[in-house]
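Heads up: the structure comes next, in structure tokens.
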Amino acid sequence: MEFAGGPTAYTSGTPEQLNDNSTAVERELYDFYRTARGYSPNTTTHPTLTSNVKFMNFHPFADIETISPRPMLFITGENAH
């Protein structure tokens, strides 16, 4: 277990390699994060088992006063992942 000093367990995220069964979404993520365009040696695109808990317990409006009244722009499309 990570909290007891064990190794970090990573989950999902951008694939390290593509194969014949890779989905369109995996290919798009790979094209950005695994090429010079978006790659950074100082970060990972694989969440950890412990960081997933933070996402599951995220309440988007709990800290709305830290965002509001600043404008935000969301861009989506019919093919958005």
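Taken together, the values in this text are just the output of simple stated rules run on the coordinates, not laboratory data. The model shown is predicted, which means the values in this text are computed figures rather than measured ones. Reconstructed Cβ throughout: ideal geometry from the backbone, glycine too, with neighbour counts over all protein chains shown.
Can you say whether Tyr39 is aromatic (Phe, Trp, Tyr), under 16 Å from the mean Cα position of the chain (by Cα), assigned to a loop (DSSP other than H, G, I, E, B) and surrounded by 10 or more Cβ atoms within 10 Å (Cβ to Cβ), as far as the supplied structure shows?
yes
Restricting attention to region 13-36, which residues are closer than 21 Å to Asn79 by Cα, part of a loop (DSSP other than H, G, I, E, B) and of a type in the set (Gly, Ala, Ser)?
Residues satisfying the conditions are Gly13, Ser22.
Return the pair list, or none, for Cβ contacts closer than 7 Å from residues in region 25-40 that are at negative phi to residues that are of a type in the set (A, V, I, L, M, F, W, C) and part of a helix (DSSP H, G or I), at least 6 apart or on different chains.
Gly38/Phe32
Name the residue, out of Thr45, Thr66, Thr76, that is surrounded by 10 or more Cβ atoms within 10 Å (Cβ to Cβ), without any contact (Cβ under 8 Å) to a residue 60 or more places away in the chain and β-branched (Val, Ile, Thr). Full working, then the answer.
Working: Thr66 fails: surrounded by 10 or more Cβ atoms within 10 Å (Cβ to Cβ); Thr76 fails: surrounded by 10 or more Cβ atoms within 10 Å (Cβ to Cβ).
Result: Thr45 is the single residue among Thr45, Thr66, Thr76 that is surrounded by 10 or more Cβ atoms within 10 Å (Cβ to Cβ), without any contact (Cβ under 8 Å) to a residue 60 or more places away in the chain and β-branched (Val, Ile, Thr).
For Phe55, are the conditions met, namely being part of a helix (DSSP H, G or I), at negative phi and touching a residue at least 40 places away in the same chain (Cβ under 8 Å)?
Spelling it out, it is not the case that Phe55 is part of a helix (DSSP H, G or I), at negative phi and touching a residue at least 40 places away in the same chain (Cβ under 8 Å).
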